[in-house]
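The values are calculated or read from the model by the stated rules, or taken from the named source; none is laboratory data. This structure is a prediction, so every number in the text was calculated from the model and none was measured. No Cβ is skipped: glycine too gets one built from the backbone with ideal geometry, and neighbour counts run over all protein chains shown. Heads up: the accessible areas ignore ligands, DNA and RNA and are worked out on the full protein's heavy atoms, side chains in. Shrake-Rupley method; radii C 1.70, N 1.55, O 1.52, S 1.80 Å.
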2 protein chains.
Amino acid sequence: MASSKDVAKTAGVSQSTVSRVLNDPSKVNPETVANVQKAMKSLNYRPNLIARSLKQRKTKSIALITGHLHNPFFVDTTMEIVEYAKQQGYHTLVYFEDQGDNLSVYEEVLKQQVDGIILSSIFFEDPIYKELEASGVPFVMFNRRHQAGGNFVETDNEKAGILAANHLLKLGHTKIAWIGGRTFASTFQGRLEGYKKAMQATNHQVDPEWIKETDTTEASVREAVDSLLLLDNKPTAIFAATDSMALFCQNYLMKMGYTIPDNFSICGMDNIDITAHAGIQMTTITHESKKPMGLYAIEHLIYMMEEEKQIKEMALTLQPTLIIRNTTGPKR
Amino acid sequence: MASSKDVAKTAGVSQSTVSRVLNDPSKVNPETVANVQKAMKSLNYRPNLIARSLKQRKTKSIALITGHLHNPFFVDTTMEIVEYAKQQGYHTLVYFEDQGDNLSVYEEVLKQQVDGIILSSIFFEDPIYKELEASGVPFVMFNRRHQAGGNFVETDNEKAGILAANHLLKLGHTKIAWIGGRTFASTFQGRLEGYKKAMQATNHQVDPEWIKETDTTEASVREAVDSLLLLDNKPTAIFAATDSMALFCQNYLMKMGYTIPDNFSICGMDNIDITAHAGIQMTTITHESKKPMGLYAIEHLIYMMEEEKQIKEMALTLQPTLIIRNTTGPKR
DNA sequence: TTCTATAATGACTACGTATTCACAATAAAC
DNA sequence: GTTTATTGTGAATACGTAGTCATTATAGAA
């Protein structure tokens, strides 16, 4: 690999001049610029960004710590973030980490000297928050939030839970199950709380057996459905806290021979693309906003990275709305 | 940020010793090790991987240049690759690039000094191949292949095209449309050739109007479907060259009121998870293999990166098989 | 005792770049 | 003709680390 020194030698100039040609050619004689560029071409020279990063103490890179891509919600946000970052001259290191409190991922990220971090996988009381704050690296959370606040964009999860429950209640369902992930995460916590509040507000009992915390995998969701089917006090409707899980429910119930929504109503959340498919037609909850959620996060992160001085806080809670399709219907 | 020099100072040793503690503690007095580690802890020291990379001329990073994640096929491969790489101590820079011949992405990747590259987005006659070869960085292609061969893993696309066409022919369809992406890519090229061969072998004419090269987006697929519907010689079955496109067709036709497979049979390819969903039940083509395709690619890349000497070639063509579900049926 | 091997450590350098400083040559101002 | 900017350039340095080399102290062999 040719270095700027090699280029300097073949162009008959100093390494400093080569560097200047690269960074601010206006500072060097046009003739010299041409010579240097010719030398670069002939040597097939490519600046070493590692060396540049070391010198500048900026890597022009960010870390994205996201949930598993088998949840299509994270596919969208990942694409949004990676593309926008690239467009702004940053490259993205993608890490998949759903557990939340896994220190090793954060250690790794900080060693990489990234200029900023975006994370979705944080728990409400995650100790990682302190670590990140102490590191001095700007970071933004999306989807999930932390009790400490910080910079984040989320959906009003409690409101979402209320919307879902009220929709099902209005259809005549009173036995409504809730299937979600661990309530360490603010998303599931909020969606559960909202559901409970709506039930309570309309004087409907919530049987604790109806509430299923899973690890969001298909196997785990199926287990939850199985156990619901065994109940005496069997629910007639399900609020699945993500579309990914709602799809698992729908598929599993249909494969067992149940009809949706005649036997069970199902409401999801996230409005991922496939839910609009004619063969799926999932009732779900989305948020109305001009920009996709990932964009809010990355835009603000880049703002923070580039205007270090005036760190403007972002605490954004998007408002959810209900999209009624065909997986929910009146109770029979 | 504390450096190894700072650690050295507070521990009362030289920077060399700190480095040794990090890389091979057996070379230093256990008592000193303890002191140094204490100093590291108290300063919250984290080794700077950028500096290490510069010194070692290895970044322990790879680049993955993949197709758009809205095609779920690439979601699977991306996860496989990123996870395995991480497990082997490499981190992954993910780039989305569908165009193929976009030089700038490759320039960017090479400047990053990655130790290896995995790419799916290469065209059969892509000039980028020469560039990559010249760079000396090991690289592996998956899904698509290049005319020059090199290291790759693919599916036998021609065979896949034959399987799909024969399946539809056997059901009595003779007017079979083909919807795919640009045939610059070996995948689409092969799937089209196979389709044509199967038709020819059974003495069925192929109307050129049945063949639709799209840019694989939903809008483009809908346009293709629209133009098929306007034909006098209207097809009764569609072979969509990826499941992603097959889903677009299925959705669009159903939304227009057509029944699948009564009005149109649809066969996809890739066997992405959602095709098995009870509401979709897409007939598709997969490949049988012990390992997912992405794993072949990353395993071989890591082999190449670590055993520089004996570069074993990998030219792997997986055999496709047909999975019959409910989107294909006898011609009416 | 004297010589040799081993263990433990520090000083120093290089990786490839950006940048500061110094200096020369030229152009502009007086 | 002298002074003052301005332009163009090179030498030298630092970023944080790994590793080479040299040095000292100690233990074992003769």
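Largest GNM mean-square fluctuation across A:187, A:317, A:66, computed for chain A with C-alpha springs under 10 Å, falls on A:317.
Name the shape class, rounded, prolate or oblate, that the alpha-carbon gyration tensor gives for the range A:31-162, where a ≥ b ≥ c are the square roots of its eigenvalues, rounded holds for a/c under 1.5, and otherwise prolate holds if a/b is larger than b/c and oblate otherwise. It is prolate, given that a/c is not under 1.5 and a/b is the larger ratio.
Here the contact order of the range A:157-287, divided by its residue count and restricted to Cα pairs under 8 Å and six or more residues apart, works out to 25 percent. Rounded to two decimals, the Cα radius of gyration of the range A:1-47 over 2.2 N^0.38 Å is 0.96. Modelled this way, with points 7 Å down the Cα-to-C-beta line, the labels at residue B:87 and residue A:203 are 5.7 nm from one another. Taking other residues whose beta carbon is less than 13 angstrom from the beta carbon of residue B:193, and scoring Lys, Arg as +1 and Asp, Glu as -1, yields +2. Copy-to-copy label distances for residue B:290, where each label lies 7 Å from Cα along Cα-to-Cβ, are 5.6 nm in order of increasing length.
Apply 1/(1 + (r/R0)^6) to the Cβ-Cβ distance of residue A:288 and residue A:9, taking R0 = 51 Å, and write down the FRET efficiency to the nearest 0.05.
On the way: r = 60 Å, r/R0 = 1.18.
That pair, residue A:288 with residue A:9, gives E of 0.25.
Shortest first, residue A:262 label-point distances to identical copies amount to 1.6 nm, with the label point at 7 Å from Cα along Cα→Cβ. The rotation axis bringing chain B onto chain A passes closest to the chain B residue reported with its distance as B:279, 2, by C-beta distance in whole Å. Based solely on its DSSP helices, what 222 nm [θ] is calculated for the protein assembly as shown when runs of n ≥ 4 H residues each add -39,500 (n - 2.57) and the sum is averaged over all residues, nearest 500 deg cm²/dmol? The helix contribution divided over the protein assembly as shown gives -13000 deg cm²/dmol. Sorted shortest first, the separations between the residue B:34 label point and its copies elsewhere in the assembly read 7.0 nm; each point sits 7 Å from Cα along the Cα-to-Cβ line. Proximity of backbone amide H atoms, modeled 1.01 Å from N, is registered between residue A:142 and A:119, A:120, A:153 at under 5 Å, excluding neighbours fewer than 5 places apart on the same chain.
Within a straight-line Cα-Cα reach of under 25 Å, residue A:5 can be paired with the following lysines, leaving aside sequence neighbours fewer than 8 residues apart in one chain: A:27, A:38, A:41, A:55, A:58, A:60, B:55, B:58, B:60, B:111. In the range B:83-173, Cα pairs under 8 Å separated by at least six residues give a relative contact order of 20 percent. Taking every lysine pair in the range A:213-315 that is 8 or more places apart or spans two chains, those with Cα atoms closer than 29 Å amount to 5. Remark on residue A:114: its backbone amide H falls under 5 Å from none of the residues 5 or more positions apart or on other chains, H modelled at 1.01 Å from N.
Within the accessible surface of the protein assembly as shown, defined with a 1.4 Å probe on protein heavy atoms only, the carbon and sulfur portion equals 48 percent. Between A:226, A:243, A:24, the residue with the greatest mean-square fluctuation in the GNM of chain A (Cα pairs under 10 Å linked by springs) is A:24. Remark on residue B:283: its backbone amide H falls under 5 Å from those of B:268, B:325, B:326, B:327, B:328, a criterion applied only to residues 5 or more positions apart or on other chains, H modelled at 1.01 Å from N.
Using a 7 Å offset from Cα along Cα-Cβ at residue B:57, what residues in the range A:4-23 end up with backbone N under 20 Å from the label point? Those under the cut-off are A:4-10, A:15.
In percent, rounded to a whole number, the relative contact order of chain A is 16, using alpha-carbon pairs under 8 Å and six or more apart.
Summarise the partner chain shielding of B:83-92 as one whole number: the mean count of Cβ atoms from other chains within 10 Å of each residue's Cβ.
Working: counts 1, 0, 0, 5, 0, 0, 0, 0, 7, 4.
Per residue, the average neighbour count from other chains is 2.
Please compute the Kirkwood hydrodynamic radius over the range A:101-190, one decimal place, Å, based on all pairs of different Cα atoms. With all distinct Cα pairs of the range A:101-190 included, I get 14.8 Å. Among the GluC sites (Glu not before Pro) in the range A:107-151, those located in a DSSP loop and surrounded by at most 16 other Cβ atoms within 10 Å of their own Cβ are A:125. Computed over the Cα atoms of the protein assembly as shown, pair by distinct pair, the Kirkwood hydrodynamic radius stands at 27.6 angstrom. The Kirkwood hydrodynamic radius of the range A:157-287, based on inverse pair distances between different Cα atoms, is 14.3 Å. Computed over the alpha carbons of chain B, Rg followed by Dmax gives 25.6, 88 Å.
Rounded to the nearest whole Hz, the Karplus-based 3J(HN,Hα) values (6.51 cos²θ - 1.76 cosθ + 1.60, θ = phi - 60°) of the range A:219-236 follow the sequence 4, 5, 5, 4, 4, 4, 4, 3, 5, 5, 5, 8, 6, 5, 8, 5, x, 10, with x at glycine and proline.
The Cα center of the range B:159-238 and the Cα center of the range A:153-171 differ in position by 44 Å.
Neighbours of residue A:231, meaning other residues whose beta-carbon lies under 13 angstrom from its beta-carbon, give a summed charge of -1 when Lys and Arg score +1 and Asp and Glu score -1. Beta-bridge orientation, the protein assembly as shown: approximately 15 percent antiparallel, per DSSP, counting only bridges with both partners inside.
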